[in-house]
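The values are calculated or read from the model by the stated rules, or taken from the named source; none is laboratory data. Just so you know, these numbers come straight off a predicted model, no measurement behind them. Ideal geometry is used to build each Cβ from the backbone, glycine not excepted, and the neighbour counts take in all protein chains shown. The protein model used for the area step is the full one, side chains on, heavy atoms only, and it has no ligands, DNA or RNA in it. Shrake-Rupley method; radii C 1.70, N 1.55, O 1.52, S 1.80 Å.
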Amino acid sequence: MDCVPEVEVFNVTESVVESVLDEVLREEKICTCRQCRLDVKALALNHLPPKYVVSEQGKAFEIYRLQGLAQSRVTVYQEILRAAQVVKQRPHHTRPQA
């Protein structure tokens, strides 16, 4: 049996969203509390296709590739913006906790 180093599944799309998230929230003057950031991130990720890799090489390559593709970055930006508008209209941090 081959000894394969321990690897983990990594969603590159999530990394790209994370790299753009603060820029969108700042530009659109959206609340940046932890709850709002997580809500925006989750909503955006639910509308973007995941891109999974299992190696550090694959991770580095796909992050570089996705961040370099103008259309990919625009799509990510648009989804974050859409999600941010939803969260701005109905933020969870102002609701009583159940």
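A few comments on the model shown:
- A helix-only calculation puts the chain at -21000 deg cm²/dmol for mean residue ellipticity at 222 nm, using -39500 (n - 2.57) for each DSSP H run of at least four residues, averaged over all residues.
- Per residue solvent-accessible surface (Å²) - the chain, probe of 1.4 Å: 71
- Equivalent-ellipsoid semi-axes of the chain, from the Cα gyration tensor, Å, largest first: 29, 17, 10
- Given charges at Cβ of Lys, Arg, Asp, Glu: the chain dipole, positive-most of Thr75, Val17, Gln35: Gln35
- Net lengthening on full extension, Ser19/Gln85 (0.36 nm per residue, minus Cα-Cα): 21.9 nm
- Taking 0.36 nm per residue of separation and subtracting the current Cα-Cα distance, fully stretching the chain between Asn46 and His92 would add 14.8 nm.
- The residues neighbouring Arg65, those whose beta-carbon lies less than 13 Å from its own, together hold a net charge of +2 under the Lys/Arg +1, Asp/Glu -1 convention.
- For the range 11-98, the fraction of 1.4 Å probe accessible surface lying on carbon and sulfur atoms is 54 percent.
- Eligible lysines near Lys29 by straight Cα distance, threshold 25 Å, same-chain separation 8 or greater: Lys41, Lys88
- Span-like helix check, the chain: qualifying full DSSP H segments, with Cα axial length of 20 Å or more and mean Kyte-Doolittle of -1.0 or more, are 12-27, 70-89.
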